[in-house]
Amino acid sequence: MSDYGPGSAIGGMSPEGQTTRVGVNGRLSKKDRVVLCQVLCKCKKIGVATRNGRIQRQKCVQQRLDFANETSRMETGTPTEYRPEQTYDMKAVPPEPVTDPEDPLRPHSDLRQWIEDFWPGGREMYKAGAGNLRRPDVVIVNDPTQPPVQSNIKQVVEFKFPPDDYGRNQERDYVRIAGSRSKFVPLGPAECGCGDDEPDGEKSSQRQSKSSSDMDELLGGSSGHSMSSGSGFPPALPPLPPVPAFP
């Protein structure tokens with residue numbers, strides 16, 4: 001296991017991990033806005049096709065950022081600063097990332113096993129749907145060579161495809177993960193100037209398969225990300241865009 005310590009990450013942490021629930025949401029830097037808006041607008045238009053004919057926009061976001069991270073690993077040895085779908089243990093103060101035991105730069109690949117191994121009482125005592133675990137859309141870190149602990153978080157970004165809204169306590173918990181409201185950024189097609197060349201999809205859960213629905217329950221309920229449906233099979237996901245150059 002690699003030796004990663006929260007104290008070595010760049011950035012500050014609010015006292016005792018508490019957040020200030022006043023003020024305004026943060027704003028992305030020019031570079032972060034370009035990178036994330038490119039992904040958001042592409043996924044608003046395309047998404048990822050499923051067997052039942054639906055389009056999963058959130059899965060599209062994750063796939064594109066995962067692809068960029070894997071490419072960066074091959075080229076530089078570390079992922080980019082953009083970490084999609086990173087789960088956090090909300091019982092810890094401050095909330096702690098649930099990472100791979102062999103590689104703290106990757107999210108844990110099996111949350112059910114993590115709950116069995118590390119949650120007091122295991123899966124038998126874990127209360128699903130209570131917001132004990134949260135998974136923001138994207139966490140931007142200051143230092144990509146370090147885990148996404150709160151002291152290394154630059155911003156927490158939540159993508160919202162209309163007409164989606166926040167679930168119960170979802171926004172509050174994302175602010176807690178970030179460490180302050182100024183480090184929390186909601187992002188949607190309007191903010192990115194994606195245009196409205198096709199109708200927005202119906203409001204539905206982020207993941208459609210049974211296993212994914214179960215995962216939403218573990219994470220505190222559906223995040224409410226939209227998908228569009230239609231007759232027949234939607235177009236397949238085109239090749240991913242070139243990986244942005246990171247200085």
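Is it true that Arg112 is more than 24 Å from Ser29 (Cα to Cα) and not in a loop (DSSP other than H, G, I, E, B)? The answer is yes for Arg112.
Scanning the stretch 22-38 for residues that are open to solvent by less than 50 Å² (accessible area, probe 1.4 Å) and either modelled with pLDDT under 95 or not in a helix (DSSP H, G or I) (or both) yields Gly26, Leu28, Ser29. Please go through the stretch 155-187 and pick out each residue that is open to solvent by less than 20 Å² (accessible area, probe 1.4 Å) and in a strand (DSSP E or B). Answer for the stretch 155-187, where residues must be open to solvent by less than 20 Å² (accessible area, probe 1.4 Å) and in a strand (DSSP E or B): Gln155, Val156, Val157, Glu158, Phe159, Phe184, Val185, Leu187. Could we say that Val149 is of a type in the set (A, V, I, L, M, F, W, C), closer than 21 Å to Gly167 by Cβ and either open to solvent by 30 Å² or more (accessible area, probe 1.4 Å) or touching a residue at least 12 places away in the same chain (Cβ under 8 Å) (or both) here? No, not satisfied.
The values are calculated or read from the model by the stated rules, or taken from the named source; none is laboratory data. Keep in mind that this is a model prediction, so the values were computed, not measured. Methodologically, a virtual Cβ is constructed for each residue, glycine included, from the backbone with ideal geometry; neighbour enumeration extends over all protein chains shown. Side chains are part of the model used for accessible areas, which takes the heavy atoms of the whole protein and leaves out ligands, DNA and RNA. Shrake-Rupley method; radii C 1.70, N 1.55, O 1.52, S 1.80 Å.
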